[in-house]
Protein chains: 2
Amino acid sequence: MRASVSPDIFPPRGHEAKRLSIVDAAAGVFCREGFAGANIDLIAAEAGVSRQTVYNHHGDKEKLFMAVVRDLTDRCNVGIFATIATFPDQPGDLEADLIGFAVRLNQNCICNRDGKFLRKLIQTEGERYPELFAEWREQGPGTTWPAIAARFARLAYGGYLTIDDPDVAARQFLGLVNAELQTTFMLGGTPREDEVVQSATNGVRTFLRAFGKSPALGSVKKHTALANA
Amino acid sequence: MRASVSPDIFPPRGHEAKRLSIVDAAAGVFCREGFAGANIDLIAAEAGVSRQTVYNHHGDKEKLFMAVVRDLTDRCNVGIFATIATFPDQPGDLEADLIGFAVRLNQNCICNRDGKFLRKLIQTEGERYPELFAEWREQGPGTTWPAIAARFARLAYGGYLTIDDPDVAARQFLGLVNAELQTTFMLGGTPREDEVVQSATNGVRTFLRAFGKSPALGSVKKHTALANA
DNA sequence: ACAAATTTAGACACTCTTGTCCAAATCGTC
DNA sequence: GACGATTTGGACAAGAGTGTCTAAATTTGT
């Protein structure tokens, strides 16, 4: 993909910068207006670029759209894996550590600009580009969910949790910590930080009531009046 | 809103039928193509009606869109409340009854045509019509979630569950039983029935591990080796 | 069968958008 | 300072879609 000329110097300088600002602006406009409603003139204006430059770089509205989705998928994946790397493998306070992880996942991967945009584009145009979004499904949930599941499996193996099926547990973990944000997500809004923390806290507590190995290790305190050895 | 003439006979006969078939076709097209991409000619064709009739009935693309959302909201609410009425207040087998309820909720309210369409329209155009979707939020989640929460509160009061906050529990219940369907929902797909049952089963099991009062009553069997009185 | 209301089909003006072309201005590099 | 590549702005053709209008056909109730 490099420039094919003599030395390995890339095409000029601001070239790539423009490409990026175009894709960036396009992401915003496609999300706000939908594919059909998105206006190339508007994208160009928001990117601070002439319309012709948009066509020079991407050729075509459809190709531009694809570039946007690919870019977003890549950037989101980077963020998600960086966050998964902070999963508490050997937790001190399991409850607090899982809450922290859930909040980071939300703030860095789901509620940030890229995450919001990618989600909306998938919801909005997913049916129109089956191949493109099949690709996303593989690269996105297809790789990140197992990665999270593996971390939960490790916690179970380490004796911190009692889990049958780590894949199910991972999906339920995500369902729980986002349970109170669904309506906001649906309308395309961004929850406030305290809402994210609240939802994560409630979700993790319930998660640990279901999967926590023993009250002594983790969280389940006031609720289980069930005496145990 | 009645016809203002002599007897209380409504305008002709097929009038209302046409209105409905227009709104119906419009719902489908708006979902597939988005508001901007939706084509009035296409809507008219799919409704089996001339374009002029569409304008006669609804005046305007925007007004037609609003009519679609209102119609869908109403119909979905009817379905949801009908389903909530089947909530197991005095369960025989709590696990099985809750799974049944979750499956009914999914099949009758979330995965059916109206539910799918309404969800997609909210996700797609929610930001463009703040008042309209504020209205939905009040009439939809604003009334159904508390209704579900009340049923869980009743189960707790009846000694079947141990719940702190019924509202949180209700949201988490929904999050859990849908945990495995998220990706499908996101792409606008319809999960197969066995997927719905699977997700509901796993979700309810986890829910009862967290909130079930005692293993004897419900489900938590093999996992809690914790001996109890 | 009659009269009123509704529906239809087609033409129409108008606006908006996409994508192309081109000459002038600008930028980055040597 | 000069050269080559990139960017710019504006004009342009072609197409598509909205909303209106009209006269003819059809349906509906009596």
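Can you say whether residue B:59 is free of Cβ contacts under 8 Å to residues at least 40 places away in the same chain, more than 14 Å from chain A (Cβ to nearest Cβ) and more than 16 Å from DNA strand D (Cβ to nearest atom), as far as the supplied structure shows? Give the steps one after another, and end with the answer.
Working: free of Cβ contacts under 8 Å to residues at least 40 places away in the same chain: yes; more than 14 Å from chain A (Cβ to nearest Cβ): yes; more than 16 Å from DNA strand D (Cβ to nearest atom): no.
Considered against the rule, which asks whether it is free of Cβ contacts under 8 Å to residues at least 40 places away in the same chain, more than 14 Å from chain A (Cβ to nearest Cβ) and more than 16 Å from DNA strand D (Cβ to nearest atom), residue B:59 comes out as no.
Run residue A:191 past the list (1) under 13 Å from residue A:103 (Cβ atoms); (2) part of a helix (DSSP H, G or I) and report the number of the one that doesn't hold.
Here residue A:191 clears every test but (2).
Kindly establish whether residue B:164 is closer than 26 Å to residue A:161 by Cα, at pLDDT 95 or above and exposed (fewer than 15 other Cβ atoms within 10 Å of the Cβ).
Working: closer than 26 Å to residue A:161 by Cα: yes; at pLDDT 95 or above: yes; exposed (fewer than 15 other Cβ atoms within 10 Å of the Cβ): yes.
Yes: the conditions hold for residue B:164.
Condition first: of a type in the set (D, E, K, R) and at pLDDT below 95. Now tell me which residues in region A:34-61 satisfy that.
The initial filter retains those residues of region A:34-61 that are of a type in the set (D, E, K, R), namely A:41, A:46, A:51, A:60-61.
Passing the criteria: only A:60.
Check residue A:147 against each of (1) more than 20 Å from the chain's Cα centre (by Cα); (2) assigned to a helix (DSSP H, G or I) and name the one condition it does not meet.
Of (1) more than 20 Å from the chain's Cα centre (by Cα); (2) assigned to a helix (DSSP H, G or I), only one is false for residue A:147: (1).
Tally time: how many residues in region A:56-78 are outside any helix (DSSP H, G or I) and closer than 21 Å to residue A:113 by Cα?
Step one: filter region A:56-78 for residues outside any helix (DSSP H, G or I), giving A:59-60.
Applying the additional criterion that residues be closer than 21 Å to residue A:113 by Cα yields none.
The number of residues fulfilling the criteria is 0.
Restricting to region A:167-188, count the residues that are open to solvent by 40 Å² or more (accessible area, probe 1.4 Å) and assigned to a loop (DSSP other than H, G, I, E, B). First the steps, then the outcome.
Taking region A:167-188 as the starting set, the residues that turn out to be open to solvent by 40 Å² or more (accessible area, probe 1.4 Å) are A:167, A:171, A:180, A:182, A:186.
Narrowing the set further to residues that are assigned to a loop (DSSP other than H, G, I, E, B) leaves none.
Number of matching residues: 0.
Are any of the residues in region B:42-55 part of a helix (DSSP H, G or I), within 14 Å of chain A (Cβ to nearest Cβ), more than 15 Å from DNA strand C (Cβ to nearest atom) and open to solvent by 10 Å² or more (accessible area, probe 1.4 Å)?
If we filter region B:42-55 for residues that are part of a helix (DSSP H, G or I), which is where we start, we get B:42-47, B:51-55.
So of that shortlist, the ones also within 14 Å of chain A (Cβ to nearest Cβ) come out as B:42.
When the remaining residues are screened for being more than 15 Å from DNA strand C (Cβ to nearest atom), the result is none.
Checked region B:42-55: no residue is part of a helix (DSSP H, G or I), within 14 Å of chain A (Cβ to nearest Cβ), more than 15 Å from DNA strand C (Cβ to nearest atom) and open to solvent by 10 Å² or more (accessible area, probe 1.4 Å).
The values are calculated or read from the model by the stated rules, or taken from the named source; none is laboratory data. Quick caveat, the model's predicted, so the values are computed rather than measured. Reconstructed Cβ throughout: ideal geometry from the backbone, glycine too, with neighbour counts over all protein chains shown. Side chains are part of the model used for accessible areas, which takes the heavy atoms of the whole protein and leaves out ligands, DNA and RNA. Shrake-Rupley method; radii C 1.70, N 1.55, O 1.52, S 1.80 Å.
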